[in-house]
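Student: Have a look at this one.
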Amino acid sequence: MPCPPSHRAARPHRLRMTVSLLVLGALALSGCSTPMDPRRDRAFAEQASVTDRPTVRPTRSFSSFSDSLMCMDHMLRAAQVPTTLITSKQIPDYSGRVAVGSKDMVITALSQMSRLSNAFRYVDYEVDIARQDTVQNLTTILLNNNQIQLQRPALYISGAISFVDQNVTSNRFDSGISGPRVDLGYSQSRNATIIGLEMHLGDFRTRTLIPGLDSANEVIVSTGGQGLDLAGRIGTYGVQFNVGRDYTQGSGSAVRTLVDLATIELVGKWARIPYWQCLTLEQNHPDFQRQLRDWFNEGSPAVRLQLVTRSLISQGYLPAGAMAGVGAGAEPAATHSAALRTALSRFQADHGMVVTGVVDFPTYERALRNFVGLSPDGTLARIGWDSTHAAPTASVPPAEAVLPPVSTSSLMYGAAPVERSIDLQIENVLLDRTAFEVGEQIFLSATVSRASYLQCFLADATGTVLRLLPNQTNTTGWVSANQALRIPDWMSPNPGFVMDAASPGREGVACFATDEDSVSRLPEDLRGPPLKPIEKYRTLEKINEAFAASLGANGYTGNAIYWNVVPRRASAAAQPAPGKSGPPAARP
């Protein structure tokens, strides 16, 4: 039925009113009216500083060969490879498709292989004017004025990203259907790109590449996507939907994997060590982190907490009774006690992660990686987990008692190695030394398995005992996990002290590690100035007894190493520092 005349007459009037309102709004927005008052947007603007921050915590950059680099560090330490100066050229990408800092990745890989072994020191010198900065400019000025000495490296690394073959394989599928009221379309695509890296090791003195010391590897990165389009009509209106999902494997992570692998191969071949043993770890499996991520997503927060807590107990970060308060139905918010957060923070710091104090995926992955192995069919499987996947079943070794003094070259003090261990080694160029001549310099290194507060004492054949660390040049006493501490620091121009073999007889150094700074709990005689004789103590065993009486047998970890001092021969020469030529470091 047609509308009444009054209704038909109202339509032009309403249309004119709407147009008038739009014109007035346009004039107001065009600046003809009063400008906007920013004070009215204060509440909105205040959120900007919070909105600008990332929503995901940063994580440590790991590659498939990060554990292999740590394995190489231990292998170089076991082979007693002396400290070697090394540098590298730029690692360019001639394809122009992979803009990454390959040279810095090389430096990081060498550093990770030298934390424990001190195998390499990188000589940082840049000749490219475009890359020179304040440090390089100051270095050039001091070199020209003979105020700085630039040590010549023995080795250098060269190489390049040799090729990037994009879309070597490509697969695309599109289909659709159309009707009077519905249109439907589906698409799928997959692509694979190959990145190649070639690196070589050269002799810096002759600027020649050493034959056989090369590495040429490739890695495949892929992209993929799926899309669905749906369009329809409802009456005179049209409706359209478009959904899709895509993934892209980044070139940066791929190049880091190639750089880590190439560095392991070059160093392993140069040092003549079985580096291939470090390339067969389960952690190198390309699906290792993806599989652990699936297990992480499958478990509830309470199960994740149980898993990580049991792992922390097995590694000595928590006492055995810590599982009593972590039940199957426990809520993580309630069980993240101060002790657990401290243990998580120490574990994360010792393993090079970003410290959060919570059970996130990186912590889960690092804590449980030793409980994953390859099954007979080549897939990853849980090793040592119970039927409910609630926790690893690794047992905690019992604590050992304090060992009595014995006449050996080394001696363990304090708590069980499961909680913390100290590795003391003689680092002189002539390896496996057990005897030194009077006046000969001695170089040691100390490595703790967990970040700790470290104190070291020296006892000579005359019964003089003094504290070496902390001292005036190393005042904090805190040391990182799995990073060798040089005693004295032969790579520093001001090591703080020089350790010479004194009188003929038996000498030794003992180091004691604690979770906190425990100096205030020790006897007053042990709190005196460093590098001064301690009057009331004549042996390292007495120092150990003082630590045990003050802190308890489980309150610290210690280790001692001894050597013999023999009379000096007339033709004997001074012993140079490890990895260095020429005279030893001068005394302060």
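Student: Just checking, does the stretch 539-560 include any residue being assigned to a loop (DSSP other than H, G, I, E, B) and among the charged types (D, E, K, R)?
Tutor: Checked the stretch 539-560: no residue is assigned to a loop (DSSP other than H, G, I, E, B) and among the charged types (D, E, K, R).
Student: Same structure again: Report yes if Thr557 is hydroxyl-bearing (Ser, Thr, Tyr), modelled with pLDDT of 90 or more, crowded, with 18+ Cβ neighbours inside 10 Å and outside the structural domain of Met353 (by TED's automatic domain parsing), otherwise no.
Tutor: yes
Student: State the number of residues belonging to the stretch 267-296 that are in a helix (DSSP H, G or I) and touching a helix residue (DSSP H, G or I) at 6+ places or on another chain (Cβ under 9 Å).
Tutor: Residues that pass the stated criteria total 18.
Student: Would you confirm, using the coordinates I've provided, whether Leu292 is touching a Lys or Arg at 6+ places or on another chain (Cβ under 9 Å), outside the structural domain of Ile91 (by TED's automatic domain parsing), surrounded by 13 or more Cβ atoms within 10 Å (Cβ to Cβ) and not acidic (Asp, Glu)?
Tutor: So Leu292 fits the description; yes.
Student: Arg77: at pLDDT 60 or above and in a loop (DSSP other than H, G, I, E, B), yes or no?
Tutor: For Arg77, the condition - at pLDDT 60 or above and in a loop (DSSP other than H, G, I, E, B) - is not met.
Student: Moving to a separate point now. Kindly check whether there is at least one residue in the stretch 149-160 that is at pLDDT 90 or above and more than 30 Å from Gln483 (Cα to Cα).
Tutor: Within the stretch 149-160, one or more residues are at pLDDT 90 or above and more than 30 Å from Gln483 (Cα to Cα).
Student: Something else now. Consider Ala231 carefully, then state whether it is of a type in the set (Gly, Ala, Ser) and either in a strand (DSSP E or B) or touching a Cys at 6+ places or on another chain (Cβ under 7 Å) (or both).
Tutor: Yes.
Student: For the stretch 514-540, which positions are in contact with a Lys or Arg (Cβ under 6 Å, 6 or more places away or on another chain) and of a type in the set (A, V, I, L, M, F, W, C)?
Tutor: Listed by number, the list holds a single entry, Val519.
Student: Still on this structure, I have one more. Output the number of residues of the stretch 85-106 satisfying the condition of being buried (at least 20 other Cβ atoms within 10 Å of the Cβ) and either in a helix (DSSP H, G or I) or touching a Gly at 6+ places or on another chain (Cβ under 7 Å) (or both).
Tutor: 4
Student: Can you pull out every residue in the stretch 341-381 that is at pLDDT below 85 and assigned to a helix (DSSP H, G or I)?
Tutor: Arg369, Asn370, Phe371
Student: Scan the stretch 441-472 for residues that are in contact with a helix residue (DSSP H, G or I) (Cβ under 6 Å, 6 or more places away or on another chain) and either among the charged types (D, E, K, R) or within 17 Å of Met491 (Cβ to Cβ) (or both) and jot them down.
Tutor: Within the stretch 441-472, Arg450 is the sole residue that qualifies.
Student: Looking only at the stretch 160-189, how many residues end up being out of contact with any Pro (no Cβ under 9 Å at 6 or more places or on another chain), of a type in the set (Gly, Ala, Ser) and under 30 Å from Pro92 (Cα atoms)?
Tutor: Going through the stretch 160-189 one residue at a time, the tally reaches 2.
The values are calculated or read from the model by the stated rules, or taken from the named source; none is laboratory data. Keep in mind that what you see is a predicted model, and the values were worked out from it rather than measured. Cβ coordinates were reconstructed from backbone atoms using ideal geometry, including for glycine residues, and neighbour counts include every protein chain displayed.
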